[in-house]
Amino acid sequence: MRAAMQHEPGGVPRVENVDPPGPVDGAVLIEVTSVGLGAWDVVGAYREPIDFPCVVRGEGVGHADDGRRVYFGERSIRPFGGWAERTVVPAAEVWDVPDHIDDRTAITMGIAGTGALVPLEQADIQPGENVLVLGATGALGQIAVQLARVLNAGRVVGAARDRDSLDRLLDRGLVDAVAQVSGDDDVESLRAAAPDGYDVVLDIVYGEPFVAALKATRVGARLMSIGALAGPTATIGLGDLLYRTHTCVGTGQRPAAERRETWERLLHLAVTHDIAVDFVDYTLDQATEAWHAQTSSPHAKIVATV
Ligand SMILES: NC(=O)c1ccc[n+]([C@@H]2O[C@H](COP(=O)([O-])OP(=O)(O)OC[C@H]3O[C@@H](n4cnc5c(N)ncnc54)[C@H](OP(=O)(O)O)[C@@H]3O)[C@@H](O)[C@H]2O)c1
């Protein structure tokens, strides 16, 4: 079968012919139809160490050997993964996709949707509160700004580096304001977008942008960090943190049943609230290009047909 193989940590994958998976007790063989790529794939932010070479893991949609149309998360049994014609996944991680849900929605509401919804719900947004999404122009961020409104936020602000993609958020009406965080006076830029300060921050970048966002919050703010695309460390002044709460949220290690329940709720929210994400489409044979696009911040969800 064709598969996008990665030969070392951080290595750029290339498509090769490899042996397909065979039956494994307690697992489901899947013919993959669509597969997604996210920032967690290219930075290797998986729950467990991975042996190389292996198929790029990814999350995807396909047909189980009994014919069911299913979603599977980035849990393929190694060395297999989603970026291949076939994969094999533990049965608890293989979830039926309702007929009215397309492949892209099923994939996008998986890791990205869960990474947005869980911390926003944990932040317990009160009606009318100001919400900042740091990293708002990516896949997870686009979902997060829309979910913040579903959860009754007042002013929703999106922040990132690229001006054009911030303007696109505004043009699509997904945010009330944007703030460019390019390293020059980020605190001022964030304060200008919400002069009263932020009550909730969903942070997928950490590092210096997080330090700036903290300074733009108001008393009682809840800051939820879920990613570190801008850097794994930040120097936080205790005075800035006073009367605020900072939480690091992980979703991937939760039990499969809990993640499935969240995904099913997200599918419902996506349809009911018409949650829209920009996509960029590839094929399995374009895995190398897709990988480069993800490492260059695509401002869209990358999905490939297989
Ligand atoms: N903790 C969890 O449970 C959990 C769950 C799901 C995902 N995650 C994490 O969430 C992250 C989001 O993934 P994704 O697929 O949505 O990523 P993505 O599509 O690549 O989007 C990344 C976003 O961050 C911005 N960004 C990147 N570097 C930045 C920097 N240095 N300063 C400011 N903004 C920056 C990008 O815009 P610009 O390039 O224009 O700045 C973009 O808005 C990943 O790190 C993933 O591991 C965590």
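Restricted to the range 36-77, and to residues there that are in a loop (DSSP other than H, G, I, E, B) and over 22 Å from the mean Cα position of the chain (by Cα), the residue that is modelled with the lowest pLDDT is 51. In the set 228, 270, 257, only one residue is under 23 Å from residue 165 (Cα atoms) and part of a helix (DSSP H, G or I); that residue is 270. The residue of the range 194-224 that is nearest to residue 129 (Cα to Cα), among those that are within 15 Å of the ligand (Cβ to nearest atom) and among the β-branched types (Val, Ile, Thr), is 201. Would you mind stating whether residue 243 is buried (at least 18 other Cβ atoms within 10 Å of the Cβ), more than 14 Å from residue 131 (Cα to Cα) and without any contact (Cβ under 8 Å) to a residue 60 or more places away in the chain? Judged against the criteria, residue 243 is not a match. In the range 103-186, counting only helices (runs of 4 or more DSSP H) that sit wholly within it, the ones holding 3 or more residues that are more than 8 Å from the ligand (Cβ to nearest atom) and charged (D, E, K, R) span 163-171.
Among the residues of the range 262-301, the one identified as free of Cβ contacts under 8 Å to residues at least 12 places away in the same chain and among the β-branched types (Val, Ile, Thr) is 272.
Does residue 281 fit the bill of being more than 10 Å from the ligand (Cβ to nearest atom) and either closer than 24 Å to residue 159 by Cα or assigned to a strand (DSSP E or B) (or both)? Yes, satisfied. Taking the range 289-302 as the range and being within 15 Å of residue 43 (Cα to Cα) and part of a helix (DSSP H, G or I) as the test, the residues that pass are 290, 291, 292, 293, 294, 295.
For the range 1-49, filtered to residues that are touching a residue at least 40 places away in the same chain (Cβ under 8 Å) and acidic (Asp, Glu), the residue that is farthest from residue 95 (Cα to Cα) is 8.
The values are calculated or read from the model by the stated rules, or taken from the named source; none is laboratory data. Just so we're clear, the structure is a prediction, and the values are computed from it rather than from any experiment. Cβ sites come from the backbone with ideal geometry, for glycine too, and all protein chains shown count toward neighbours.
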